[in-house]
1. Would you calculate the separation in nanometres between label points at B:T113 and B:D5, each defined as 7 Å from the Cα along the Cα-to-beta-carbon direction?
2. Run the numbers for B:S96 and B:R130: contour at 0.36 nm per residue of separation, minus the present Cα-Cα distance, in nm.
3. From the helices alone, meaning DSSP H stretches of at least four residues, give me the mean residue ellipticity at 222 nm for chain B, per-run term -39500 (n - 2.57), in deg cm²/dmol to the nearest 500.
4. For the protein assembly as shown, what class follows from the C-alpha gyration tensor (a ≥ b ≥ c being the square roots of its eigenvalues): rounded when a/c is under 1.5, otherwise prolate if a/b is larger than b/c, else oblate?
5. Using 0.36 nm per residue of separation minus the Cα-Cα distance, give me the extension gain between B:L36 and B:V63 in nm, one decimal.
6. Which helices of chain B meet both criteria: a Cα extent of 18 Å or more along the helical axis and a mean Kyte-Doolittle score no lower than 1.0, with helices taken as whole DSSP H segments?
7. Is any residue of the range A:79-99 close enough, with backbone N under 20 Å, to a label point placed 7 angstrom from the Cα of B:L150 along the Cα-Cβ axis, and if so, which?
8. What's the extension gain from A:R57 to A:I97 if we count 0.36 nm per residue and subtract their Cα-Cα distance?
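Every read-out reported here was derived from the displayed coordinates using simple, explicitly stated rules and does not represent laboratory data. What you see is a predicted model, and the numbers here were worked out from it, not measured in a lab. Positions of Cβ are generated from backbone atoms using ideal geometry, with glycine treated the same way; all protein chains shown enter the neighbour counts.
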Amino acid sequence: MQVTLTHYLILSAVLFSLGLYGVVTRKNAIMVLMGIELILNAANINFIAFSRYGGMRLDGQAIAVFVIILAAAEAAVALAIVLNIYQRFKTVNVDEINKLKE
Amino acid sequence: MNLFDIIFYFFAFITLASAGIVVFSRNIIYAAFSLLFTFFGVAGIYVLLNADFIAVAQLLIYVGGILVLLLFGVMLTNKVVSVDIKTGTLQTLPASLLAAMTAGSICGVFYATDWKIVQSVPDVSTTTHRLGEMFLTTYLLPFEVASLILLVALIGAAMIARRGKTIF
């Protein structure tokens, strides 16, 4: 079976669902971040697949670069917040952190 | 089934299998290291889609930056020497239902849509030159805003994560 656009789209849909499952089920905040990275990668596969099968106009690849930039910024800020939460609460399990203020 | 298809299925298998380990593994270190293989598989998919610059950027930024950052986060927030490295899950049944329904509906939409595919690839030896031109012409403002966001986010992250002084 010839690999076309649909194969890439199905791959990214499955990757997105796996990331969604990880975000919803994990207790550890860092695992939630890993799920978010999976979701962003799935979106990027879609952008680049449409860029390739839409005639190589490269707009999708430019957007993919912005997605990667924002993923880097998001990971840095989120991990800084997670470290701060760990110093305060001595845990990073998102189901135990339920106080806004002590 | 030619060589291109075999390579696609190889990279897709690597990506999905290691993503499955990321999501289902109880050990957070195993999950972080299999995320490495997921990123490698996705980079291979990018190469198959004629996106050489994005593939290299994926390897440099995701594997070299974000993954190392996540591993540092794991090391700094878990008691690595004790048994506390395991991570629990909650609400697995509704979450699996949700994920399955999402995957089913998205795949259904992808199958049902009649995509207008341009099968012939125009002359693309490398994409880096054209991407650079686009960033300095069409996408100049988003490019500058993205660089500013990255600068602000990194300085802010360093401020927030300073040791000894909690801001919150």
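1. 2.4 nm
2. Full extension from B:S96 to B:R130 adds 8.0 nm.
3. Per the formula, -22000 deg cm²/dmol.
4. Oblate is the answer for the protein assembly as shown, as a/c is 1.5 or above yet b/c matches or exceeds a/b.
5. Gain on extension, B:L36 to B:V63, equals 9.1 nm.
6. B:3-24, B:28-48, B:92-112, B:140-160
7. Answer for this model: A:79-80.
8. 9.8 nm
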